[in-house]
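Undergrad: Mind having a look at this structure? Questions to follow.
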Amino acid sequence: MNQDDVLKDLSHIRSLMEKSTKFISISGWSGILVGVYTLVAVSFLFWKLKMSWLRFGSSGPTLVYLESASPVRIIVITAVLLLLVSVITAVYMALKKAEKAGQSAWNPASRILLVSVAAPLLTGGAVAVLSLIKGYYFALAPCFLVFYGLALYSGSRVSFKELRVLGILQVVLGLLAYAYMPFGLLFFALGFGVLHILYGAVIIKKYGG
Amino acid sequence: MKLDLSLYDKVLENRIRLQIMSVLMVNEDYDFNSLKELLDITDGNLASNLKSLEKAEYIEVIKTFIDRKPNTRYRGTEKGRKAFRDHLVALEQLINSGR
């Protein structure tokens, strides 16, 4: 056994250790698409609910609905549709990316990914439903950002390290959205929209697609 | 520099076995089909090398059922982990000796 062989073996081992523990089939393009969907959805809500951007009242600036029969229903339907389309897009693109790389998307790393994002997402979903029932509609966007960010953070253990940064930023935006609650939708557009697009661009540039 | 070959492991001299151990070093356990796909080798090749690792007590076999279908997973033992680390040290020495 000569030294070149040993070096080749070692680099192969390294890539195996990496490949077997990381789910790298998350597509950068799906980040961009989800970001665009979000901006479209938020614009639609602003248009449909005829929200004015700012209104200065006695309690400071707030976002208000000028006129709408049932803003809650429209918001919930739009949100559910957005999430559904986003998840379908992300899964579809991941499957395609894995196929292109000649790998299976369903491997031990992706199973760990699913398990680690499940807890924060399910908790967040429960908090969102409770907020809806209790009528804390403004809490929806901040709650979504915080728990989604936590899910990304815990999932980043088995994926790109950029995912961790994205998760932390989502949590920070979510907390800001809690602090400035009437602007929740704007923070949501920033987090789920703009940040996803930036993240997608970084992944495409760095890892190619 | 004198080479200390006491750390060099005959079982791990085989490339496939070294690769299997490397996957089991960084994962709690790994199932047969995922290993096969990752290493891109045939059933028979993988099975025989797993058998050797099992005989050396470097790995342990966990047999479970998922939806009544057998699912065989493998886990690195403490002995196997030590052998892997030692073997890497030996390889490192081998490389350094030539410089």
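Laboratory data are not the source of any read-out in this text; all were calculated from the coordinates shown. Because the structure is a prediction, the values reported are computed rather than measured. Virtual Cβ from ideal backbone geometry, glycine too; neighbours counted across all protein chains shown.
Undergrad: What pairs come up if the first residue lies in segment B:76-99 and is under 9 Å from A:GLN3 (Cβ atoms), the second is surrounded by 13 or more Cβ atoms within 10 Å (Cβ to Cβ), and their beta carbons are under 6 Å apart, counting only those six or more places apart or on different chains?
TA: Between residues of segment B:76-99 that are under 9 Å from A:GLN3 (Cβ atoms) and residues that are surrounded by 13 or more Cβ atoms within 10 Å (Cβ to Cβ), the close pairs are B:LEU94/A:VAL6; B:ILE95/A:GLN3; B:ILE95/A:VAL6; B:GLY98/A:GLN3.
Undergrad: Would you say A:ALA90 is touching a residue at least 40 places away in the same chain (Cβ under 8 Å), assigned to a helix (DSSP H, G or I), out of contact with any Gly (no Cβ under 7 Å at 6 or more places or on another chain) and surrounded by fewer than 21 Cβ atoms within 10 Å (Cβ to Cβ)?
TA: Here the answer is yes, as A:ALA90 does meet what is asked.
Undergrad: Right, here's the next one. Among B:ILE41, B:ILE95, which is assigned to a loop (DSSP other than H, G, I, E, B) and either over 14 Å from the mean Cα position of the chain (by Cα) or not basic (Lys, Arg) (or both)?
TA: Selected residue: B:ILE41, the only one of B:ILE41, B:ILE95 that is assigned to a loop (DSSP other than H, G, I, E, B) and either over 14 Å from the mean Cα position of the chain (by Cα) or not basic (Lys, Arg) (or both).
Undergrad: If you take the residues in segment B:29-64 that are farther than 22 Å from A:ARG111 by Cα and of a type in the set (Lys, Arg), which one is surrounded by the most Cβ atoms within 10 Å (Cβ to Cβ)?
TA: Top of the filtered list is B:LYS51.
Undergrad: Let me ask something else. Condition first: in contact with a strand residue (DSSP E or B) (Cβ under 9 Å, 6 or more places away or on another chain) and surrounded by 23 or more Cβ atoms within 10 Å (Cβ to Cβ). Now tell me which residues in segment A:182-202 satisfy that.
TA: Listed by number, the list holds a single entry, A:GLY184.
Undergrad: Collect the residues in segment A:155-181 that are surrounded by 20 or more Cβ atoms within 10 Å (Cβ to Cβ) and hydroxyl-bearing (Ser, Thr, Tyr), keeping them in residue-number order.
TA: A:SER156, A:SER159
Undergrad: Considering each of B:LEU18, B:LEU35, B:LEU46, B:LEU24 in turn, give the residue that is closer than 22 Å to A:LYS19 by Cα, assigned to a helix (DSSP H, G or I), within 12 Å of the chain's Cα centre (by Cα) and more than 13 Å from chain A (Cβ to nearest Cβ).
TA: The conditions single out B:LEU46.
Undergrad: Would you mention how many residues in segment A:160-183 are assigned to a helix (DSSP H, G or I) and either on the phi > 0 side of the Ramachandran plot or touching a residue at least 60 places away in the same chain (Cβ under 8 Å) (or both)?
TA: Count: 3.
Undergrad: Pull out all pairs, ordered by first then second residue, where Cβ-Cβ is under 6 Å, the residues are six or more apart or on different chains, the first lies in segment A:4-32 and is at the interface with chain B (Cβ under 7 Å from one of its Cβ atoms), and the second is of a type in the set (Gly, Ala, Ser).
TA: A:ILE13/B:SER22; A:LEU16/B:SER22; A:MET17/B:SER22; A:THR21/A:ALA109
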